[in-house]
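Participant: Okay, here's the structure, questions in a sec.
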Amino acid sequence: MDHRGRAYVVRAAGCLVWRRSAAGLELALVYRPKWADWSWPKGKLKRGEAAEAGARREVLEETGYVCRLGSQLPSSQYTDHHGRPKEVSYWVAKATDGVFEPNQEVSDLVWLPPDDAHERLTYERDRQLIPAALIAIGKDEEAGAVMPEQEKRRW
């Protein structure tokens, strides 16, 4: 509770980081050993930090990648492991540079096609962001290229 007796909402931000490879569109998933889960890179905002800045910071800290934010996605609301309400603001973000190195929070990073990412993600709330992300990525791509048909198939 805050000083006015209102429930304190934990604010966080993250990204569905993407790239194009010879295999097509790929999404970055991170493995967090503390929680034994596969998820999107995300984390709590620092006091006074804008959500966009926090999303970029968390991607860099957890993945080693610099990213360019694209469209904002629907937020995810849930109760955290301390029983507090949590709201995570998400964006699609194109990986522009970087190299992953295991770190204190994340032991592994995988680049997967959307169907495989859907299967690997631990939480349904994370899976639910994929359809909106695919639409946003299609709109955000620099050349305005239409997403290949095989990448739309499940979404």
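Participant: From (1) touching a residue at least 40 places away in the same chain (Cβ under 8 Å); (2) closer than 22 Å to residue 128 by Cβ, pick out the condition that doesn't hold for residue 103.
Facilitator: Of everything listed in (1) touching a residue at least 40 places away in the same chain (Cβ under 8 Å); (2) closer than 22 Å to residue 128 by Cβ, residue 103 misses just condition (2).
Participant: For the range 102-127, give me each residue that is open to solvent by 30 Å² or more (accessible area, probe 1.4 Å) and touching a Ser or Thr at 6+ places or on another chain (Cβ under 8 Å). I'd like the intermediate steps shown before the answer.
Facilitator: Taking the range 102-127 and keeping what is open to solvent by 30 Å² or more (accessible area, probe 1.4 Å), we get 102-105, 107-108, 111, 113, 116, 118-120, 122-125, 127.
Across the range 102-127, the qualifying residues are 111, 122, 123, 125.
Participant: Okay, moving on. Name the residues in the range 76-131 that are β-branched (Val, Ile, Thr) and closer than 14 Å to residue 30 by Cα, would you?
Facilitator: If the condition is that a residue be β-branched (Val, Ile, Thr) and closer than 14 Å to residue 30 by Cα, then 99, 106, 110, 122 are the ones that fit.
Participant: Ok, one more. Would you please name the residue that is farthest from residue 123 (Cα to Cα), looking only at residues in the range 17-36 that are touching a strand residue (DSSP E or B) at 6+ places or on another chain (Cβ under 9 Å), at pLDDT 95 or above and of a type in the set (Gly, Ala, Ser)?
Facilitator: Quick first cut of the range 17-36, residues touching a strand residue (DSSP E or B) at 6+ places or on another chain (Cβ under 9 Å) only: 17-21, 23, 25-33.
Narrowing the set further to residues that are at pLDDT 95 or above leaves 17-21, 25-33.
Okay, now just the ones that are also of a type in the set (Gly, Ala, Ser), so 21, 28.
Values: 21: 26, 28: 15 Å.
Among them, the one singled out is 21.
Participant: Next question. Residues that are among the polar types (S, T, N, Q): which strands (runs of 3 or more DSSP E) entirely in the range 31-111 hold 1 or more of them?
Facilitator: Working: elements: 37-39, 42-44, 65-79, 85-98.
Passing ranges, in order: 37-39, 65-79, 85-98.
A quick yes/no check of all residues on (1) among the β-branched types (Val, Ile, Thr); (2) farther than 22 Å from residue 45 by Cα; (3) more than 13 Å from the chain's Cα centre (by Cα):
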{"position": "75", "(1), (2), (3)": "no, no, no"}
{"position": "95", "(1), (2), (3)": "no, no, no"}
{"position": "99", "(1), (2), (3)": "yes, yes, yes"}
{"position": "103", "(1), (2), (3)": "no, no, yes"}
{"position": "125", "(1), (2), (3)": "no, no, no"}
{"position": "135", "(1), (2), (3)": "yes, yes, yes"}
{"position": "140", "(1), (2), (3)": "no, yes, yes"}
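Participant: Filter the range 117-142 for residues that are modelled with pLDDT of 95 or more and of a type in the set (Lys, Arg); which is nearest to residue 68 (Cα to Cα)?
Facilitator: Going through the qualifying residues, I end up with 127.
Participant: Kindly check whether there is at least one residue in the range 11-24 that is over 20 Å from residue 130 (Cβ atoms), of a type outside the set (Lys, Arg), over 12 Å from the mean Cα position of the chain (by Cα) and open to solvent by less than 30 Å² (accessible area, probe 1.4 Å). Steps first, please.
Facilitator: So the first thing to find is which residues in the range 11-24 are over 20 Å from residue 130 (Cβ atoms), and the list is 11, 22.
Still in the list and also of a type outside the set (Lys, Arg): 22.
Next cut, over 12 Å from the mean Cα position of the chain (by Cα) only: 22.
Now restrict to residues that are open to solvent by less than 30 Å² (accessible area, probe 1.4 Å): none.
Checked the range 11-24: no residue is over 20 Å from residue 130 (Cβ atoms), of a type outside the set (Lys, Arg), over 12 Å from the mean Cα position of the chain (by Cα) and open to solvent by less than 30 Å² (accessible area, probe 1.4 Å).
Participant: I would also like to ask the following. Would you please name the residue that is farthest from residue 20 (Cα to Cα), looking only at residues in the range 43-96 that are open to solvent by 40 Å² or more (accessible area, probe 1.4 Å) and aliphatic (A, V, I, L, M)?
Facilitator: Among residues in the range 43-96 that are open to solvent by 40 Å² or more (accessible area, probe 1.4 Å) and aliphatic (A, V, I, L, M), the one farthest from residue 20 (Cα to Cα) is 50.
Participant: (1) open to solvent by less than 50 Å² (accessible area, probe 1.4 Å); (2) within 12 Å of the chain's Cα centre (by Cα): which one isn't true of residue 37, the others all being true?
Facilitator: (2)
Participant: Is there any pair linking a residue in the range 20-36 that is closer than 29 Å to residue 80 by Cβ to one that is among the acidic types (Asp, Glu) and open to solvent by less than 60 Å² (accessible area, probe 1.4 Å), with Cβ under 6 Å and at least six apart or on different chains, and which?
Facilitator: Every condition considered, the pairs that remain are 30/62.
The values are calculated or read from the model by the stated rules, or taken from the named source; none is laboratory data. Predicted, not measured: the structure shown is a model, and the values here were computed from it. No Cβ is skipped: glycine too gets one built from the backbone with ideal geometry, and neighbour counts run over all protein chains shown. Keep in mind that these areas ignore ligands, DNA and RNA; they rest on the heavy atoms of the full protein, side chains included. Shrake-Rupley method; radii C 1.70, N 1.55, O 1.52, S 1.80 Å.
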